[in-house]
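Just below is one structure, and these are the notes that go with it.
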Amino acid sequence: MKPAQSPPARPSDVYFFATCVVDQFFPGAGMDAITLLESQGIRVHFPEEQTCCGQPAYTSGFPDEARKVAAHQLTLFPNEWPVVVPSGSCAGMMKHHYPTLFAADPIRKAQAEKLSARIYEFTDFLVNVLGWHPEDHGDACTVVLHTSCSARREMGVHLTGRKLLGDLHKVTVAQQDHESECCGFGGTFSVKQPEISGAMVEDKVKALKATGAERVVSADCGCLMNILGHAAWKDRQEGRAKPSLPGEHIASFLLRRTSK
Amino acid sequence: MNAPQTPHTLHFMPSAGFRARAKDVVDNPFLRQSFRGAMDFLMSKRAAQFPDAEELESLRTLGESIRQYNLARLPDLLERLEARLTANGIQVHWAETPDEANEIILGICRRHEAKLMVKGKSMVSEEIELNHAAEAAGIGALESDMGEYIVQLADEKPSHIIMPAIHKTKEQIAKLFAENVPGVDYTDNVDALIQIGRRVLREKFQEADIGLSGVNFAVAETGTLCLVENEGNGRMCTTAPPVHIAITGIEKIVEKLEHVPPLLSLLTRSATGQNISTYFNMISSPRKPGEKDGPSEVHLVLLDNGRSQAYADEQLRKTLQCIRCGACMNHCPVYTRIGGHAYGTTYPGPIGKIISPHMLGLEATKGLVTASSLCGACGEVCPVKIPIPELLIRLREEAFSAPPRANPAMRGQGAGYSGLISAVWRGWAAVYRSPSLYRVATWMGSRLRGLVPSRQGAWTSVRVPLKPAPKRLRDMLKERG
C-alpha cells in the first residue's frame, strides 16, 4: 500500500475528471461529487474534452491503444490545480500507471509525471486535502462500504471513505465478511472469465447482504456496476420487485446526509 | 535394468478446457466451501505472523533486494555454485528441458541399478513429471511428503505448491488409505492416518536406492543446498538412501549464507504461518571418509525449463524472485474459487499464471493470463514483492496485442492474437482519443438506451444489462449552467 500524498494547501479550484463510467452510467454520482466540492467553496472545472483514462485497454494488454487515449487526457489540465477523480481505479491508472505507460516518450512522460502528482481520489481529497468532517442531517441508518481493490492496494485510500462515513453520527457502518476481497469486476475479466467473476460477485453480494445494511456505498462505479448489476439480477431471478441491495456512489450518500 | 525409454513428453495444455474446469469447481458448493475455509485458515495463520505492518514491509523490501541482488549476478553465481559444489564432492548436472532433467536422473538411477526412489517434496520434480518418467523406465518413485503421498495414492497432481492435498477431506483420505494401503482398515482419525503413512514410508526409506529432494536455497559461496520441510521425510530422503539427487530451478541461488535467514523467515511465515519450519537441512557434501552415515553420492540437477527466457527480460525477470511460499494462492480470490487443479499447470494461482508461460509457452497458457481481476492481493502479500499484476498485464500484451513477431521476448508471443479483437480495441481508441467522436458516440448511447440488448454476452449471465443513463454528466452540467 502506498501512503496518500501529503496534503497541499487548500486549493481554490480543482479539475474534475469524471471517468467514462460516471459520465455515461452514473452521471448523478458525478453531479453529487461536484456539488459537494462546490459546497466546500471550491470552484470545479470540468474539461469538456475528457473521455476515458485508458485503463480498459491497458489492463487487457493493449498498451498502444491505451496510450493513444491517455495521451489525449494529458493535455486537458493545464493549470496547477488538483485533479479530483471519483474512482480509485481510474485515479490509480492516472497516478501510478501513466508514468510507466509513457516511459519511452520523454515529452509525455514528463507531462504524465506532472499530472500524476496532482491526481486525487475523491474521498482522499475530501479528507486529506480539505480536512472535511461531514455533518449528519439524516435519520439513523446502516450502510455497508465496499472499497475497490485499486483504492486499497494502489492508491492506499481505502480508509478515507470509512473515515467520512464514521463522521456521520447517525450512520452505522456494518462490517462485511472478507471486506478486502475483490468483487470480481476487473474490467474485461468479467466477460473473459465470466464463471469465476460470477462466483466472486455472488459471494460479494451475499456478504454485503448478510450485514443487514440498507444500502451499499462505494467510491468506485466499476465495482458498483458489477455489485448492483448482480444484486438486481438475483432480485429478478427470485421475483423481488424491491431491490434487496440498493447502492450508490459515496458522493451521493454524503451529499444527501449533509444537506439540510 | 530397462533400456532407455522414449523421452517422456509433457502433457500440460492448461488453456484448453480451463474455463470448463473452473466452472466445475465454481458450481460445486462443497469444493467452494472447502477451498474458502482452507484459504481463510492459511491467511489468518500468516496474518498472525506479521502483526506489525512496518516490520512486514521492511522485511519484504529486504527479501526483494536479496532476490534481486542474486538474480543480477545469476550467471556468475551459477558458475561459482558449480565450482564450490564440485569441490565439496557434489556432482552438478545442467538440464535445459524437462526431458533432459529426467534423462539425467534416470541415468543416475540406471547406473546404480535402482529399483526404488523415495522423494521428498519437490515442485520441480512435478514440473518435469519425474514420476511418470521413472515409471516408464521401470523405476518406482514414491512420494514421502504426506500430502504428496496422498496425491500420489489418488493418482492426482498437487493442487497447491505447499499443501498438495488441500483439496481432499480427511474422509476422502481415509477411503484412499483403506483402498490402497494393504492391511489398513477405514479410519478418519487424522493422527491414525498419519501413523499409517509414516509406517509405510519408514520401510521404504530403508529399501530405497535413491533419495530425491528439491532445494529451497542453493548457497554459492559455501556450496550448500538448503531444504525446508516439516515432516522429517526430507531429511530421510537426503540421508538414508545411498544416493541423493537434488533438483532445482536455476533461480534458487543465493551468493551468501547470510542471505538465507531473512528469506527463510519470510518463507515459513508467509507459507504456513510458522515462525520456522520443523526441519531445516543444509547439505554440503556426500558422506566423508570416516563418517557413519549419509549418502555416498550427492547430485544436483539445475533445470532451466524457460527460466532463462524470463531472465533475459528486465521486467519478466522479476518472476524469478519467487521463493515458492504459496501466499499468493492463499490470498487469491480466483484460486480460492477454483482451486489448483483447474489451472492445469504444475504451479497454480498467481505465481503459476506468471511462470507457466515461460515453461509451457503462451500458446498453452494464454487462457490463464486473463484469469485475474488484477485485484492486487497477490502482489500485496508476496514476501519478495513480485509485481504480479504488472507482470500479468505484460503477459496479456505478449499474448494478445500483436501478431507473432520474428524475435519475440517469449515463446508463443502473439498466440492469442485476433484480428477482430485488435480491430475492436483500435476502434475503441479512435473513439476515446477524439472528444468529438466520444461526444457523438455517448450521445447516441444515451438516446438509444431503450435499444440496449437484454443479453450482453457473458456480462448478463449473472448481471442485469448495462444501460447508459438518459443524460450524461456533461449534459447535466450544461443544463445546470
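Straightening the chain between A:Glu80 and A:Lys209 buys 42.2 nm, computed as 0.36 nm per residue apart minus the Cα-Cα spacing. Each residue, B:Asn275 and A:Asp105, gets one label point 7 Å from its Cα in the Cβ direction; the gap between the two is 5.4 nm. Net charge dipole, the stretch B:170-278: roughly 120 debye, given to the nearest 20, about the Cα centre with Cβ charges of +1 for Lys and Arg and -1 for Asp and Glu. Compute the helix-to-body angle for B:419-432: its Cα long axis versus the longest principal axis of chain B, expressed 0 to 90° and rounded to tens. Taking Cα atoms only, the helix is inclined about 50 degrees. Our helix-only sum for chain A, with -39,500 (n - 2.57) per DSSP H run of n ≥ 4 divided by its residues, gives a mean residue ellipticity at 222 nm of -12500 deg cm²/dmol. 3J(HN,Hα) along the stretch B:433-450: 8, 10, x, 6, 5, 4, 4, 5, 4, 6, 5, 4, x, 5, 6, 9, 4, x Hz, from the Karplus curve 6.51 cos²θ - 1.76 cosθ + 1.60 with θ = phi - 60°, whole Hz, x for Gly and Pro. Sorted largest first by accessible area at a 1.4 angstrom probe radius, with every protein chain in place, the residues B:Met146, B:Met117 fall in the order B:Met146, B:Met117.
Among the GluC sites (Glu not before Pro) within the stretch A:1-109, which fall in a DSSP loop and have no more than 12 other Cβ atoms within 10 Å of their own Cβ?
On the way: sites: A:Glu38, A:Glu48, A:Glu49, A:Glu65, A:Glu80; in loops: A:Glu48, A:Glu49, A:Glu80.
When the GluC sites (Glu not before Pro) of the stretch A:1-109 are filtered for loop state and at most 12 Cβ neighbours within 10 Å, A:Glu48, A:Glu80 remain.
D by Stokes-Einstein for chain A, Kirkwood Rh over Cα pairs, 37 °C, 0.692 mPa s: 175 µm²/s.
Suppose R0 equals 51 Å. What FRET efficiency, 1/(1 + (r/R0)^6) with r the Cβ-Cβ distance, do A:Thr172 and B:Thr86 give to the nearest 0.05? Provide the component values of the computation, followed by the final result.
Details: r = 69 Å, r/R0 = 1.35.
Step by step, r from the Cβ atoms, then E = 0.15.
Using θ = phi - 60° in the Karplus curve 6.51 cos²θ - 1.76 cosθ + 1.60, the 3J(HN,Hα) couplings for the stretch B:242-252 round to x, 10, 10, 10, 9, 10, 7, x, 5, 8, 7 Hz; x is entered for Gly and Pro.
Per residue of A:46-59, other chain Cβ atoms within 10 Å of the residue Cβ number 4 on average.
Tell me what chain B gives for mean residue ellipticity at 222 nm when only DSSP H runs of n ≥ 4 count, each as -39,500 (n - 2.57), the sum divided by the residue total, rounded to 500 deg cm²/dmol.
Details: 22 runs with 231 residues, N = 481.
Mean residue ellipticity, 222 nm, calculated: -14500 deg cm²/dmol.
Say R0 is 41 Å: what FRET efficiency, to the nearest 0.05, do B:Ala72 and B:Tyr417 get from their beta-carbon distance?
Working: r = 33 Å, r/R0 = 0.81.
Taking R0 as 41 Å, the efficiency between B:Ala72 and B:Tyr417 is 0.80.
For chain B, B:Cys109, B:Cys226, B:Cys237, B:Cys322, B:Cys325, B:Cys332, B:Cys382 have no disulfide-compatible partner, since no other Cys C-beta lies under 4.7 Å from theirs.
Could you pull out the trypsin sites (Lys or Arg not before Pro) across the stretch B:248-306 that fall in loop regions by DSSP (anything but H, G, I, E, B) with no more than 14 other Cβ atoms inside 10 Å?
Details: sites: B:Lys252, B:Lys256, B:Arg269, B:Arg287, B:Lys292; in loops: B:Lys252, B:Lys256, B:Arg287, B:Lys292.
Passing both the DSSP loop test and the Cβ count: B:Lys256, B:Lys292.
Mind checking the stretch B:38-79 for GluC sites (Glu not before Pro) that DSSP puts in a loop (not H, G, I, E or B) and that have at most 15 other Cβ atoms within 10 Å?
Details: sites: B:Glu54, B:Glu55, B:Glu57, B:Glu64, B:Glu79; in loops: none.
Those that pass, being in a loop and sparsely packed, number zero.
State the percentage of accessible surface on the protein assembly as shown attributable to carbon and sulfur atoms; use a 1.4 Å probe and exclude ligands, DNA and RNA. Looking at the protein assembly as shown in its full context, I get 54 percent from C and S. Which of the three applies to the protein assembly as shown, rounded, prolate or oblate, going by the alpha-carbon gyration tensor with a ≥ b ≥ c and a/c under 1.5 meaning rounded? Judged from the Cα gyration tensor, the protein assembly as shown comes out prolate (a/c at least 1.5, a/b above b/c). Under 5 Å between amide hydrogens, built in the peptide plane, is the criterion, and for B:Gly249 it picks out B:Leu303 among residues at least 5 positions away or on other chains.
Could you run the numbers on buried accessible area between A and B, total for both chains, 1.4 angstrom probe, in Å² to the nearest 100?
On the way: alone 12160 and 22710 Å², together 29310 Å².
Summing both chains' loss of accessible area gives about 5600 Å².
In this structure, the amide hydrogen of A:Ile119, modeled 1.01 Å from its nitrogen in the peptide plane, lies closer than 5 angstrom to those of A:Val83, counting only residues at least 5 positions away or on a different chain.
Each peptide in A:146-152, A:214-220, B:361-367 receives the mean, over its residues, of other Cβ atoms within 10 Å, and ordering these scores from highest gives A:146-152, A:214-220, B:361-367. Taking Cα centre as origin and charging only the Cβ of basic (Lys, Arg, +1) and acidic (Asp, Glu, -1) residues, the dipole magnitude of the stretch B:28-308 rounds to 480 debye. With a 10 Å cut-off around each Cβ of B:424-430, the average count of Cβ atoms from other chains is 6.
Ranking A:His158, A:Ala231, A:Gly187 by how far each Cα lies toward the positive end of the dipole of chain A (charges on Cβ) leaves A:His158 at the top. For the protein assembly as shown, the residue among B:Gln152, A:Phe46, A:Ala219 whose Cα projects farthest onto the positive side of the dipole built from Cβ charges is A:Phe46.
Roughly how crowded by other chains is peptide A:63-74, in terms of the mean Cβ count from those chains within 10 Å of each of its Cβ atoms?
Numbers: counts 5, 7, 11, 6, 2, 7, 8, 3, 1, 6, 2, 0.
The per-residue average across the peptide is 5.
For chain B, the solvent-accessible area works out to 41 Å² per residue, with a probe of 1.4 Å and every protein chain left in place. Sorting B:Glu203, A:Glu202 on solvent-accessible area from highest to lowest, probe radius 1.4 Å, gives B:Glu203, A:Glu202.
Quick one: if the Förster radius is 51 Å, what FRET efficiency do B:Glu156 and B:Val452 give, using the C-beta to C-beta distance and rounding to 0.05? Working shown, then result.
On the way: r = 46 Å, r/R0 = 0.90.
Once rounded, the FRET efficiency stands at 0.65.
Amide H to amide H, with H built 1.01 Å from N, B:Leu300 comes under 5 Å of B:Gln91, B:Val92, B:His93, B:Ala246, counting only residues 5 or more places away or on other chains.
With θ taken as phi - 60° and the Karplus curve 6.51 cos²θ - 1.76 cosθ + 1.60 applied, the whole-hertz 3J(HN,Hα) list for the stretch A:24-31 is 9, 10, 10, x, x, 4, x, 4 Hz, x standing for glycine and proline. Farthest towards the positive end of the charge dipole of chain A, among the residues A:Thr258, A:Thr172, A:Val69, is the Cα of A:Thr172, using unit charges on the Cβ of Lys, Arg, Asp and Glu. Accessible-area rank, largest first, for A:Trp81, B:Trp94: B:Trp94, A:Trp81, with all protein chains present and a 1.4 angstrom probe.
The values are calculated or read from the model by the stated rules, or taken from the named source; none is laboratory data. All of these numbers come straight from a predicted model, not from anything done at the bench. Because the Cβ atoms are built from the backbone with ideal geometry, glycine has one as well, and the counts that use them run over all protein chains shown. These area figures cover heavy atoms from the full protein model, side chains too; ligands, DNA and RNA do not enter into them. Shrake-Rupley method; radii C 1.70, N 1.55, O 1.52, S 1.80 Å.
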